[in-house]
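Following: one structure in structure tokens, then a few remarks.
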Amino acid sequence: MQVINSRPFTIKKDIETVFDLAGEPESARHFLSKVGDKPMFKDVSVTDNSIAAKLPFVGDITLRRNRIEKPSLVSYKAEGAPVPVELVLNFQPDGDNTKTQVSVEVEAPSFVAGMVKTKLQPMLDKMADSLELLDVDRFLGKK
């Protein structure tokens with residue numbers, strides 16, 4: 001299994017709030033729906049435990065909540081992906097903030113591992129940049 005990590009970053013909100021947001025697909029949809037100012041997913045829909053979307057070059061994919069380890073980890077496993085994929089959000093408390101890292105775990109043949117990393121790394125880095133700038137209070141409608 002290949003693990004591709006974003007750079008570690010800080011979300012300016014306590015770990016309990018960040019964990020709760022990341023663990024709810026409706027909230028996670030907002031976290032995952034944009035990278036910078038460009039949509040990452042198209043035709044996004046949510047259920048109580050999943051996010052379904054259309055991805056370029058992949059087609060329809062569902063991210064189903066898979067693992068929850070409160071308050072440090074939330075993962076979503078991909079259904080419909082060409083290879084097994086899991087999106088993992090790791091959290092650590094940092095005073096009133098939350099240290100965060102986003103990872104993608106991919107079971108891809110070794111001969112395509114470099115290509116997979118080349119495609120996913122920029123997406124993870126942009127996701128980290130976007131999440132680091134997220135105003136959680138504004139996102140929650142508290143401002």
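The values are calculated or read from the model by the stated rules, or taken from the named source; none is laboratory data. Everything quoted here is computed from the prediction, not taken from an experiment. No Cβ is skipped: glycine too gets one built from the backbone with ideal geometry, and neighbour counts run over all protein chains shown. Side chains are part of the model used for accessible areas, which takes the heavy atoms of the whole protein and leaves out ligands, DNA and RNA. Shrake-Rupley method; radii C 1.70, N 1.55, O 1.52, S 1.80 Å.
Size of the dipole of the chain about the Cα centre, Lys and Arg at +1 and Asp and Glu at -1 on the beta carbon, nothing else charged, in debye to 20? Please report the intermediate quantities before stating the final value.
Details: 20 positive and 21 negative charges, 66 e Å.
So the dipole magnitude of the chain works out to roughly 320 debye.
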Cα gyration tensor category, rounded, prolate or oblate, for the stretch 55-129 with a/c compared to 1.5: prolate
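Accessible area per residue of the chain at 1.4 Å probe, in Å²?
Details: 8130 Å² over 143 residues.
Roughly 57 Å² per residue, with all protein chains present.
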message: Can you give me the % of accessible surface on the chain that is carbon or sulfur? Probe 1.4 Å, all protein chains present, nothing else counted.
response: 52
